[in-house]
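Please read the structure below before turning to the comments.
The values are calculated or read from the model by the stated rules, or taken from the named source; none is laboratory data. Nothing here was measured: the structure is a model prediction, and the numbers come from that model. No Cβ is skipped: glycine too gets one built from the backbone with ideal geometry, and neighbour counts run over all protein chains shown. Please note that ligands, DNA and RNA were not included when accessible areas were found on the heavy atoms of the full protein model with its side chains. Shrake-Rupley method; radii C 1.70, N 1.55, O 1.52, S 1.80 Å.
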Number of protein chains: 4
Amino acid sequence: VESEPGDIAHIGHAELLTPDLDASLRFLTGVLGMAEVAREGQSVHLRGYGDYQRCTLKLTASEQAGLGHLGLRARGPAALERLVSRLEASGAGAGWQDGDIGHGPSYRAHTPGGHAFEVYFETERYDAAAEDRSPARNQFARRGGPGVGVKRLDHTNLMSADVAADRVFAEKVLGYRTLDISIDDAGRETGAWTSTTIAPLELVFVADHSTRTGRLHHLAFWVDTREEVLRAADIFVDHGVEIELAPARHTIGSGFFLYGFEPGGNRIEVTTGTDLVYDPDAPVRVWTAAERAAGIGWGTAFPESWRSYGTPV
Amino acid sequence: VESEPGDIAHIGHAELLTPDLDASLRFLTGVLGMAEVAREGQSVHLRGYGDYQRCTLKLTASEQAGLGHLGLRARGPAALERLVSRLEASGAGAGWQDGDIGHGPSYRAHTPGGHAFEVYFETERYDAAAEDRSPARNQFARRGGPGVGVKRLDHTNLMSADVAADRVFAEKVLGYRTLDISIDDAGRETGAWTSTTIAPLELVFVADHSTRTGRLHHLAFWVDTREEVLRAADIFVDHGVEIELAPARHTIGSGFFLYGFEPGGNRIEVTTGTDLVYDPDAPVRVWTAAERAAGIGWGTAFPESWRSYGTPV
Amino acid sequence: VESEPGDIAHIGHAELLTPDLDASLRFLTGVLGMAEVAREGQSVHLRGYGDYQRCTLKLTASEQAGLGHLGLRARGPAALERLVSRLEASGAGAGWQDGDIGHGPSYRAHTPGGHAFEVYFETERYDAAAEDRSPARNQFARRGGPGVGVKRLDHTNLMSADVAADRVFAEKVLGYRTLDISIDDAGRETGAWTSTTIAPLELVFVADHSTRTGRLHHLAFWVDTREEVLRAADIFVDHGVEIELAPARHTIGSGFFLYGFEPGGNRIEVTTGTDLVYDPDAPVRVWTAAERAAGIGWGTAFPESWRSYGTPV
Amino acid sequence: VESEPGDIAHIGHAELLTPDLDASLRFLTGVLGMAEVAREGQSVHLRGYGDYQRCTLKLTASEQAGLGHLGLRARGPAALERLVSRLEASGAGAGWQDGDIGHGPSYRAHTPGGHAFEVYFETERYDAAAEDRSPARNQFARRGGPGVGVKRLDHTNLMSADVAADRVFAEKVLGYRTLDISIDDAGRETGAWTSTTIAPLELVFVADHSTRTGRLHHLAFWVDTREEVLRAADIFVDHGVEIELAPARHTIGSGFFLYGFEPGGNRIEVTTGTDLVYDPDAPVRVWTAAERAAGIGWGTAFPESWRSYGTPV
């Protein structure tokens, strides 16, 4: 079968749960440099300067850290209908919702691994007020705020008890394309990197060796240059943010990264520099445990926490 | 109508014509840092270190500089069939060809503006010999050669007597999506930026104010960082390459660029840093002449040659 | 004679005059990202995050824009004494002053071209309060504030009716070393680049073709990377700062730059990337008018304002 | 006492010993991108594209890897005389030598720790042949060669059984200024960073816990940007160069680095981005073992080899 782009355009928003709303918010605005755009109940809505939508991150107070849900934006109304049909047919669907600040009606569902998500199409584009407007009409907001200055929500990495099951669901039901798979010595999948665009990864699953379900490995935010990732590391240090993995380069996807923990406990990545995949039928690469054990890109070792830590803890 | 990704995956290769094969080849290998992979007749086949295909640039000796043809890679066999049907129906088609070094059968056609192109699917992926192989399996070749070290063929800018006609052809027959249009004071289109991916531009048309047809404005090669574009400018200076426009940032697409002329006379761009467009139904932006006259990105003025020069001269 | 480092360590501070204190201050803090450290009378004292001293820029309300004075920090008490002796002997001296916020007693003088300056040694090092302190003991302040985030005051470019006279004064009286000189077709000096360190320029003189004296061409602030200069250009655009010259590279000194005007009218440079000069007896380079007319680094032309504009206007 | 710049301008050249001349040479030219300028006997002379001197690295075949000698260039003839007087008085001197390819007469001596060095002033500046000449007169050679493209020899790190003794020798006899000292829990010096310029380090001593003397910790080569260090890591990977420590940032000096081993066994650093020290009387910073154990810059741990490995092994 020839590869076809799926019905999902991209991860449109994410809801992050935190046991310390104030501290998490200070991190997201003061350190990552996101802008607060709305508040309602126990939630605050935020965006990066380059997000075309008004709301891309919903931060919600909760007993435990973790992922509230992912919002996957369909490529159009017909694509949304096809997605809902497949979700209903798969038994994963939970029904329509009224929408939320920043977007229209959405259809709720769960991955096999227990992560909540919704698909939606109608969205509110960001219309900057005069004081946040760039004279360049294709810049969604003014650049130059405090902190790292993340541009937009990028990818999500979900922990899964059965990576293969989640990957197949992403392929068959959601229409994602798999670019890379990692396996253990028994041949079991330990990771899967999927995308619906030329970006090499957007929805990633990694093995959860605990008995928990629905855990978040990390949310990633995009910056345009590696220099901004390096600067982000300095800013993390100066603001007391715990760095889990200093800037280096992944082998899979070639992304340049910085990993740290926001005060609520969720792992956050600042990333850029992935290799775009223009090849429409690129063979899926399968990486052995030995290859991955050889370390990241330049030989950097993953810390033990990388393999075990997720939220909820 | 909702936006749908087209049947074309990307510009798979280009043929560049030169009146001075040796000098153009020295530029492409010694200055841009491309690798020669094959020779046949009056043509040399080259690639960037990050091109997944064996051949992406065919340099052919010719009386005049210009574009020989563009090779557009279909997303799959069925997409190729659909493309050929539409090309035949449009009257633009010229028939099947046997293929060439690096790719299988292709179907030839012409744009309304007279640019030759072919659509194809079967391709030869680059299989690096031991001495050009990276231990990272997803790197197609060893990094660190001489010169700029361009990664891959990126976009193409074609000059057109009727931009609107070419744009509509690209949309209706080829399946491209238009992101930006520029107009003159009379409302006539002077430029159109189209893509089939989240990259904001791949096939670009700009007005040709001469009486020539089928002229090339420029071929663009990708590097991963703006620092590499800046370094490319130093390398151009030190190798006597004429710089038309020093590194700066476009408004449309936000790409960071360097423009110069290869010894055969064709305009070459080294580029990176465009803003990816994740919005599946982003409104087409229409830019007035006044907006474009305000200069590029940071106010840099376009030189007069930018508007008039193309190949053949 | 062998080259000897002079008695001056570096330009320790500068006083900038502005007819619009509030707007200039908003630019310096909100756009350049300097921190306000003190206020007194009509003056506000500021610093970059990497300045070791508490105060490096004094912004003073005045009828006209321009340079109030330069503060040159001596290498030590004995060096200060030698400097004062030479200033007194030269007739340029105007006497001791009590010091100011951030530094001890200083000796005032004037260059032949009429620019006020003072030499001093005693200074107050910046002792960051807890909320501005980096855990890295050799970082003077927390990184990650708003705007460009300039690191420190770098060099100063003064306009002079007689460049040669000012240069000789800088050499003989102040102990600067000249690295580059530019001349016009008549052989008259039109620019001189001097330094007391391995940085290729710190005190620069350029010809003033007007009848004014003591004018400022520009003050330059340092950032560590060219990427920060490029980002500064985006920030200038988004904050309505007039860009005179978009980022590019100088030939003399090889510095990467961005030039714009602060709201008070003074020209400001954001700079980095100069070539350090380790050669202790590097021959002085003399640049002809033809060489300079060839443009900057990559061929970028200087705008006419570059030659004529200074403050006071 | 006020700080005074010493009589040494900078490390002018280094001699590196290798048991595998061919392999080391291939690394230096093909991977680091240095240019071979001369051969004589068992030695090859090389330079970086930005070295003002003709020869800055002498590679010599030897039974064991290590440092042959360091060449310290005096600031002038009088400075050279003062240096020789102090070396003779100190008992460290070994007498005059005739010079070598690229430089004039030199005076040989040894550090307390047994490292051979020479002081010299007369040098041969690089006069590029036409094919290696940049049109920019202040660029010493053409840019854009293969590999990393190191600009110039930067600093040297020597292993010492008695760091304090070596540091005091560097200060009193050679005129270096100490910026940073690290100590162990017993208060003994484990490292000393000294310089004669605003660069924060040039001659560095670290504790040798073995019984060997005169060992080399590493030689460092400069590139202008952090992006070039990141690119160097890719090039090291693709050319099979063993990376000891992937790119990250030092706390002391703030330098951005990549460490690897050349085929002869010597540790090589590619570096940039140190914080210039303009403060003429900056207090010496003393770093405790606990502070250093906290890791480098962003928390990166030093590998065990860092503490123990030197050449000869």
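Any residue that is within 14 Å of chain D (Cβ to nearest Cβ) and of a type in the set (Asp, Glu) - is there at least one of those in the range B:216-227?
Scanning the range B:216-227, I find at least one residue that is within 14 Å of chain D (Cβ to nearest Cβ) and of a type in the set (Asp, Glu), so the answer is yes.
Identify all residues within the range A:113-130 that are of a type outside the set (A, V, I, L, M, F, W, C), surrounded by fewer than 21 Cβ atoms within 10 Å (Cβ to Cβ) and out of contact with any Lys or Arg (no Cβ under 8 Å at 6 or more places or on another chain); write none if there are none.
Those that are of a type outside the set (A, V, I, L, M, F, W, C), surrounded by fewer than 21 Cβ atoms within 10 Å (Cβ to Cβ) and out of contact with any Lys or Arg (no Cβ under 8 Å at 6 or more places or on another chain): A:113, A:114, A:122.
What is the number of the single condition among (1) farther than 24 Å from residue D:136 by Cα; (2) open to solvent by 30 Å² or more (accessible area, probe 1.4 Å) that residue C:159 does not meet?
The single condition residue C:159 does not satisfy is (2).
Inside the range A:66-84, can you point out the residues that are under 19 Å from the mean Cα position of the chain (by Cα) and either free of Cβ contacts under 8 Å to residues at least 24 places away in the same chain or open to solvent by 10 Å² or more (accessible area, probe 1.4 Å) (or both)?
Once the filter is applied, which keeps residues that are under 19 Å from the mean Cα position of the chain (by Cα) and either free of Cβ contacts under 8 Å to residues at least 24 places away in the same chain or open to solvent by 10 Å² or more (accessible area, probe 1.4 Å) (or both), the range A:66-84 yields A:67, A:68, A:75.
Restricting attention to the range C:1-59, which residues are of a type in the set (Phe, Trp, Tyr) and under 30 Å from residue C:278 (Cα atoms)?
If the condition is that a residue be of a type in the set (Phe, Trp, Tyr) and under 30 Å from residue C:278 (Cα atoms), then C:49, C:52 are the ones that fit.
Being more than 7 Å from every other protein chain (Cβ to nearest Cβ) and of a type in the set (D, E, K, R) is the filter here; which residues of the range D:228-246 pass it?
D:228, D:231, D:242, D:244, listed by residue number.
Here is a list of conditions, (1) more than 10 Å from every other protein chain (Cβ to nearest Cβ); (2) modelled with pLDDT of 95 or more, and residue C:131 meets all of them except one; can you say which number that is?
It is condition (2) that residue C:131 fails.
For residues that are of a type in the set (A, V, I, L, M, F, W, C), touching a strand residue (DSSP E or B) at 6+ places or on another chain (Cβ under 6 Å) and more than 18 Å from residue D:160 (Cα to Cα), tally how many sit in the range D:66-85.
The number of residues fulfilling the criteria is 5.
Residue A:154 fails exactly one of the following numbered conditions: (1) closer than 27 Å to residue B:280 by Cβ; (2) open to solvent by 40 Å² or more (accessible area, probe 1.4 Å); (3) among the charged types (D, E, K, R). What is the number of that condition?
(2)
Conditions: (1) open to solvent by 10 Å² or more (accessible area, probe 1.4 Å); (2) of a type in the set (Lys, Arg); (3) touching a helix residue (DSSP H, G or I) at 6+ places or on another chain (Cβ under 9 Å). Residue A:212 meets all but one. Number of the miss?
(3)
Please work out if residue B:92 is free of Cβ contacts under 8 Å to residues at least 60 places away in the same chain and either open to solvent by less than 40 Å² (accessible area, probe 1.4 Å) or of a type in the set (A, V, I, L, M, F, W, C) (or both).
Against the criterion (free of Cβ contacts under 8 Å to residues at least 60 places away in the same chain and either open to solvent by less than 40 Å² (accessible area, probe 1.4 Å) or of a type in the set (A, V, I, L, M, F, W, C) (or both)), residue B:92 does not qualify.
Residue D:143 - would you say it is touching a residue at least 24 places away in the same chain (Cβ under 8 Å) and away from chain B (no Cβ under 14 Å)?
Here the answer is no, as residue D:143 does not meet what is asked.
What number of residues in the range C:253-285 are small (Gly, Ala, Ser) and outside any loop (DSSP other than H, G, I, E, B)?
Total meeting the criteria: 3.
Which number in (1) in contact (Cβ under 8 Å) with a residue 24 or more places away in the chain; (2) surrounded by fewer than 21 Cβ atoms within 10 Å (Cβ to Cβ); (3) within 12 Å of another protein chain (Cβ to nearest Cβ) marks the one condition that residue B:305 misses?
Single failed check for residue B:305: (3).
Give the residues of the range D:247-300 that are more than 8 Å from every other protein chain (Cβ to nearest Cβ), of a type in the set (S, T, N, Q) and more than 30 Å from residue D:29 (Cβ to Cβ), sorted by residue number.
D:288
Take the residues of the range C:264-300 that are among the hydrophobic types (A, V, I, L, M, F, W, C), within 19 Å of residue B:230 (Cβ to Cβ) and touching an Asp or Glu at 6+ places or on another chain (Cβ under 9 Å): which is surrounded by the most Cβ atoms within 10 Å (Cβ to Cβ)?
Looking at the filtered set, the residue picked out is C:270.
Looking only at the range D:99-112, decide whether some residue is assigned to a loop (DSSP other than H, G, I, E, B) and charged (D, E, K, R).
No: zero hits.
Residues of the range A:1-17 being of a type in the set (A, V, I, L, M) and at pLDDT 95 or above, which ones?
A:8, A:9, A:11, A:14, A:16, A:17
What tally of residues in the range A:221-252 results from selecting those that are assigned to a strand (DSSP E or B) and surrounded by 21 or more Cβ atoms within 10 Å (Cβ to Cβ)?
7
Quick check on this structure: which one of B:286, B:223, B:241 is out of contact with any helix residue (DSSP H, G or I) (no Cβ under 9 Å at 6 or more places or on another chain) and at pLDDT 95 or above?
It is B:286.
Go through (1) small (Gly, Ala, Ser); (2) modelled with pLDDT under 95; (3) under 24 Å from residue D:293 (Cα atoms) for residue D:160 and report which single condition fails.
Among (1) small (Gly, Ala, Ser); (2) modelled with pLDDT under 95; (3) under 24 Å from residue D:293 (Cα atoms), residue D:160 violates only (2).
May I ask you to list the residues in the range D:180-198 that are of a type outside the set (Phe, Trp, Tyr), open to solvent by 10 Å² or more (accessible area, probe 1.4 Å) and within 30 Å of residue D:225 (Cα to Cα)?
Hits for the range D:180-198 are D:181, D:190, D:196, D:197, D:198.
Any residue at all in the range A:100-123 that is within 30 Å of residue B:255 (Cβ to Cβ) and free of Cβ contacts under 8 Å to residues at least 40 places away in the same chain?
Within the range A:100-123 (the criterion being within 30 Å of residue B:255 (Cβ to Cβ) and free of Cβ contacts under 8 Å to residues at least 40 places away in the same chain), the answer is no, since none of the residues qualifies.
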